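Here's the structure we're looking at; comments come further down.
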Amino acid sequence: GAGVSQTPSNKVTEKGKYVELRCDPISGHTALYWYRQSLGQGPEFLIYFQGTGAADDSGLPNDRFFAVRPEGSVSTLKIQRTERGDSAVYLCASSFGRANTEAFFGQGTRLTVV
Amino acid sequence: QKEVEQDPGPLSVPEGAIVSLNCTYSNSAFQYFMWYRQYSRKGPELLMYTYSSGNKEDGRFTAQVDKSSKYISLFIRDSQPSDSATYLCAMGAGGTSYGKLTFGQGTILTVHP
């Protein structure tokens, strides 16, 4: 597809479970970003990849959160031992090179922890 | 105190009105400034970005940056019902923080016919 694709679009999980959220960036985009958006708030930075490596993971809230991008394209955000406070929309964005001023966002994965 | 403060509104205006949206920030390291539009249950969509103080115009939209006051604005002229959305300001610094954008909390705008 032409845009950033995120799957699943919605995910409901029980407290304590493990979840994986997937992001397919725009083809050729080397930079990939994960953000989290809680209701009524702006997106909050989690992690930024340049190629396969995490260039900045300062936004990951704790060690239950981890993200990978093994081949420099698709990325997976992994959350262990989910808590109700993890409920939010998880947004992925990608850009060409380092130009995050022109980052394109996906529609997000709405995660609900019950 | 948050690094970026944005009046959440909501803001309701009649069609054709001029809309002014504003953000203030506290981090002097911010070098580039963006405005995003977000429709319900969609991802943010970039409207405008600028690196310097002053005005930048694109159609009905004008972005204004005043670095000395740490204040940015977005003006929408001749507002349309299709402009109804949440508007987010976002800012970025250079160096090791290059990949990170800091967003305001968003202003909900409704333009009624």
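Coordinate-derived values only; no laboratory data. These numbers were taken from a predicted model, which means no experiment stands behind them. Note: ideal-geometry Cβ built from the backbone for every residue, glycine included; neighbour counts use all protein chains shown.
Computed from the Cα positions only, the extents of chain B along the three principal axes stand at 45, 29, 23 Å, in decreasing order.
Here's the list of lysines a cross-link from A:LYS17 could span, going by alpha-carbon distance under 19 Å and ignoring same-chain residues fewer than 8 apart: A:LYS78. Among A:ALA103, A:ALA55, A:ALA88, the largest mean-square fluctuation in a Gaussian network model of chain A (Cα springs under 10 Å) belongs to A:ALA55.
Shielding of peptide A:37-46 by partners, expressed as the average count of other chain Cβ atoms within 10 Å per residue Cβ, is 6. Quarter the surface of the alpha carbon convex hull of the protein assembly as shown and you get the mean projected area, 12.5 square nanometres. Taking amide H atoms as placed 1.01 Å from N in the peptide plane, the amide H of A:SER73 has no partner under 5 Å among residues 5 or more positions away or on other chains. Positive end of the charge dipole of the protein assembly as shown (Lys, Arg +1 and Asp, Glu -1 on Cβ, about the Cα centre): tell me which of B:SER84, A:GLY28, B:ASN55 has its Cα farthest that way. Of the options given, the answer is A:GLY28. Under the convention that each Lys and Arg Cβ holds +1 and each Asp and Glu Cβ holds -1, the size of the dipole of the stretch A:4-114 around its Cα centre is about 320 debye.
Partner shielding of B:81-90 amounts to 1, given as the average count of beta-carbon atoms from other chains within 10 Å of each residue beta-carbon. Using only side-chain charges placed at the Cβ, +1 for Lys and Arg and -1 for Asp and Glu, the dipole size of the protein assembly as shown relative to its Cα centre rounds to 480 debye.
At the listed q of 0.15, 0.20 Å⁻¹, the Debye profile of chain A, built from one uniform point per Cα, gives log10 I(q)/I(0) equal to -0.57, -1.03. With θ taken as phi - 60° and the Karplus curve 6.51 cos²θ - 1.76 cosθ + 1.60 applied, the whole-hertz 3J(HN,Hα) list for the stretch B:14-21 is x, 3, x, 6, 8, 10, 10, 10 Hz, x standing for glycine and proline. Normalising the average separation of contacting C-alpha pairs (under 8 angstrom, six or more residues apart) by the number of residues puts the relative contact order of chain A at 36 percent. Summarising the amide proton neighbourhood of B:LEU11: residues at separation of 5 or more, or on other chains, whose placed amide H is nearer than 5 Å comprise B:ILE108, B:LEU109, B:THR110. Of the options B:LEU11, A:VAL114, A:PRO43, report the single residue whose Cα projects farthest towards the positive end of the charge dipole of the protein assembly as shown (beta-carbon charges: Lys, Arg +1; Asp, Glu -1). Most positive-ward Cα: A:VAL114.
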